[in-house]
1. Provide the packing ranking of 524-533, 598-607, i.e. peptides ordered by the mean count of other C-beta atoms within 10 Å per residue, highest first.
2. Ordered by packing density, taken as the mean number of other Cβ atoms within 10 Å over each peptide's residues, highest first, how do 501-508, 95-102, 11-18 rank?
3. Past 20 Å, Cα to Cα: identify those pairs from Lys106/Lys140; Lys519/Lys553; Lys452/Lys473; Lys480/Lys519, in the order given.
4. Would you list, by chain and number, the aspartates and glutamates whose Cα falls below 16 Å from the Cα of Lys14, excluding same-chain residues fewer than 8 positions away?
5. Count the lysine pairs in region 580-716 whose Cα atoms sit under 23 Å apart, keeping only pairs 8 or more residues apart in sequence or on different chains.
6. Counting Lys and Arg as +1 and Asp and Glu as -1, each charge on the Cβ, what is the dipole of the chain about the Cα centre in debye, to the nearest 20?
7. Treating the Cα atoms of region 581-643 as identical point scatterers in vacuum, please give the log10 of the normalised Debye intensity I(q)/I(0) at q = 0.15, 0.18, 0.19, 0.23 Å⁻¹, two decimals.
8. Going out from 0 in 5 Å bins, what whole percent of all Cα-Cα distances in region 3-194 drops into each bin?
Amino acid sequence: MDKVFEQYLALEEKVKGYNPNLNIERLRAAYELSRNAHGDQKRKDGSPFVTHPIAAAEITADMGLDEDAIIACLLHDTIEDTDVTYEDIAKKFGVTVADIVEGVTKLTRVVYTSKEEEQVENLRKMLMAMAKDIRVILIKIADRLHNLRTLNYQSQQKQMEKSLESVEIYAPIAHRLGIQKAKWELEDLSLIYIDPIAYEEITSQIDSRRDIFEEFMNTIKSRISARLESYNIKASVSSRLKHIYSIYRKMYSQNKDLSQVFDLCAFRVIVDSVSDCYNVLGHMHDLFKPIPGKFKDYISTPKPNMYQSIHTTVIGSEGIPFEIQIRTWEMHHTAEYGVAAHWKYKSEISGNNQSEEEKYAWIRSLLESQQDTDAHDFVKEFKIDMFADEVFVFTPKGDVIILPANATPIDFAYKIHSAVGNSMVGAKVNGKLVPFDHILKNGDIVEIITSKSSKGPGRDWINIAKSSEARGKIKQWFKKEKREENIAHGKSAFEAEMKRNHLSISEFGKEEIMQAVLKKLSFGSLDEMYAAIGFGGITAVRAVSRVREELIKARKQDRQEKQPVAPPPIPPARDKSVKGIMVEGLENCLIKFARCCTPVPGDDVLGFITKGYGVSVHRTKCQNYLNSRARGEDEGRWIKVAWGNTEGETYQTALTVSADDRNGLIVDIATALGAVKTKITSLNVREVGNGKALAFITIEVKDLAALQTAMNRLRIIPGVSDVERPGVNR
Ligand code: MN
């Protein structure tokens, strides 16, 4: 039997071990396809190339992945390196396997060059987003792990690239997915190439003291075991030295040498149940001295990546601190294989007929059930990654640019710089010229062709661009660069919209109407409005709807102003009696409201017995009343009155408005009162000199609250300095 086949058989055994439903023929067919396709290809170490995908598949089998994933892993380099196509794989093994292989191929094509942290994070996100299926990432990690294990056959340049990429991109992804085992191995293997001297220093120092460490670990281990046995707690106790990269980080971040780095040794107690975990914890704290602040309960509060364990650091009689981790077997499996472990668990329960959505639903629910903020961020990231509403693309230099989903080269260009967008004349995606509305996909390399003789963006670009950033910048350009054109463009759009609404341009042309509209829309001139419509700052529809409003108002007001009105500011006297007023001691007496102070319900009022005209109601603040009292006249004629039922009644009251004398003031006042649904009985404006004007208004309101609303509305009209109720003491 040849060696390669032996290696394959070992894989088959491993998968059968945890997956009794394995379709052995299918797995073998994948192996054969891979072996034939890779043919004579060799690894750098001289072994047949196919040993690599088999070894990677063994790692994915350690993770407990499903049949499709193992098959895809066996084929993971075929699309990239052999004649085998996506269609070939889809035909033989189904679309799922083909999609996974294609996914891995795409990730492989992503070129990593060392970047600053933000770019690195974007790259991680992009890989996750590109992967779509979590199995793609898991296979990629297995692939990378095996490549690192055999990296010593590569050139120095390659070694450096691969190990940096592993530490910066793949180890954090593995950590995020909770695959500690892969994370550690990626880090330790990379360190050999990243800092060979430190790696050598740490390993040789550990080696030189290995006997001491071994003895120490054995002693502690047996003490733990003995204690738990005596209490009949079934437990597996193991010990290990912490992994080299973590020692390295401790040494260099805290600037210590190895002898100063404590807790190099770690112990792990694995039990059957959660209650045993806490039991064991109690015994450990009884057996050794716990170090305050070094206890963490990740069982009740799991880490975002689903990790669960109790950690405690203690000191034994030797005076050396060490960490003990306590967990159940299930937690242990999750800690080692993370998302992969849950993958296996879930696919065993529900088979493989889940939709993509269902496949990720469990990840989400699992993560969302975790409460700490880290977990929240993780969920957010995971969602972005898995259900991307973003697209990640590259600049030709290899920087990752994040754009909204369905973004186009226009969005890309403006994201780089508005000058790039404004002078864009063409775009290439993955080296091929594309139209400007081409939809970008994850991992695309986008190149913008610019020209100094470019005439700027096209007007249709605003509709093509998906990002508000690009649209804003395009509008900005039109606003600045193309004023004349914008005015012409905007004018014709405006007039077309007027026509569509059967509104007359000449009526709009009336000074008052036009000013009112411009003011409403905050434009200083008609050209400004046209220009804004032209560059897309406002739509013609919106402008025309304002015109319509103003025309309606003006027509109404015309009708009102044509009616003969008594000279302002004093409104005509009421002819109704008893209008919501109760007069003390009198019934059905004639009531009128004083024209001097025009009270409304809510005002403090009193009555004056007139000669032959009944009771006149004044406000207690009325200047006439106050004058009368000051003179001491007519004491007996002032009587108490009160508001009764005023429901359904309205009351005329007067207002004076002081304002800058200007065109359109009347219209603005009418509009303001219309806006608060206040009926105007009369409205007159008088110049008072110094560029000032006084408006006398009579309105009908139901009470003081309504009056105050109207007054407040009038106060915010530009140029208005004061709004008063006349006739009262102030
Ligand atoms: Mn590979």
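Each reported figure results from applying straightforward, stated rules to the coordinates on display, with no laboratory input. Values in this document were obtained by computation on a predicted structure and should not be read as measured data. Note that we place each Cβ from the backbone using ideal geometry, even for glycine, and neighbour counts take in every protein chain shown.
1. Details: 524-533: 19.1, 598-607: 22.3.
Those peptides, ordered most packed to least, come out 598-607, 524-533.
2. Details: 501-508: 12.2, 95-102: 20.9, 11-18: 15.9.
Packing order, densest peptide first, comes out as 95-102, 11-18, 501-508.
3. On the way: Lys106/Lys140 10 Å; Lys519/Lys553 15 Å; Lys452/Lys473 18 Å; Lys480/Lys519 22 Å.
Distance filter (> 20 Å) returns Lys480/Lys519.
4. Correct list for Lys14: Glu6, Glu25, Glu58, Asp62, Asp66, Glu67, Asp68.
5. 12
6. Working: 101 positive and 102 negative charges, 736 e Å.
Rounded to the nearest 20 debye, it is 3540 debye.
7. Taken in order of the listed q values, log10 I(q)/I(0) reads -0.39, -0.57, -0.64, -0.95.
8. Histogram of Cα-Cα distances, whole percents per bin: 1, 8, 17, 20, 22, 16, 10, 4, 1, 0.
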